[in-house]
Amino acid sequence: MSSRGDVTLVPEGHIHMHLLRRWWSFPADFAWSAAYHRMSPLLSHVHVAVGIWCGFFAALCVAAAHTPAGFDSGWAEKAGYAIAVANTLVGVAWVRGPFPTEKVSRLFVAYIEVAIAAVLFLLADPFVALPGAAALGIIGSYIAVFHSPKLFVAHQTWSVAVTGALLFGAVMEPSADVVLAYAYLILLTLILFSAPILTQSLLLLLRSDAATAFYDPLTGLRNRR
């Protein structure tokens, strides 16, 4: 840190570390986010959209049992059908509502993370499984909206591990198209990491500004809004 006249100059690295610490410690107000979605006419049906997404996920599991690139063994097919049934039940619960509590939402995130990875690793063709990892980006967007940066980082770490394992399986195939595999990786990087990170950063800033708008900047007292 240095001074120039009456102006104190803060190293850029310190600013970045401060912003990173602020982002990491930012509290996730799940109840506020859920209440905001319930009050908005446009967003009040988010739970229905999540339920429909679970239904599509179930349909994909069933479709994977009827293609050579899908489940290539009896036990894998049974596991795929079991996940399809579970997804259907979870989807019905979302559609019926109401919006879940934070604890239930975390359990939903954990289940979907594991279910997506399980289906991808059960697929017979690694070049079908690898681009399918894009499904993790959807749950990443959900976490970015409703949960804390800590859970978001845990999700991103899981996404890296799953994508890395799928990539390894793809390039180790005897007749692997390595260029295609890394092209998929570039696409997945854009879907899984760039978009959700930008989404969460923007939402955290907007949430912070919305919270401070209730207080007068001079006195610190609650204003008329």
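Values in this text are rule-based calculations from the coordinates and carry no lab data. On a predicted model such as this, the values are computed, not experimentally measured, just so you know.
Each 5 Å bin from 0 upward holds the following percent of the Cα-Cα pairs of segment 145-184: 6, 22, 20, 15, 12, 10, 9, 5, 1. Rounded to whole numbers, the Karplus 3J(HN,Hα) couplings from phi for segment 134-146 are 4, 4, 5, x, 5, 5, x, 5, 4, 5, 4, 7, 10 Hz, using 6.51 cos²θ - 1.76 cosθ + 1.60 with θ = phi - 60°, and x at Gly and Pro.
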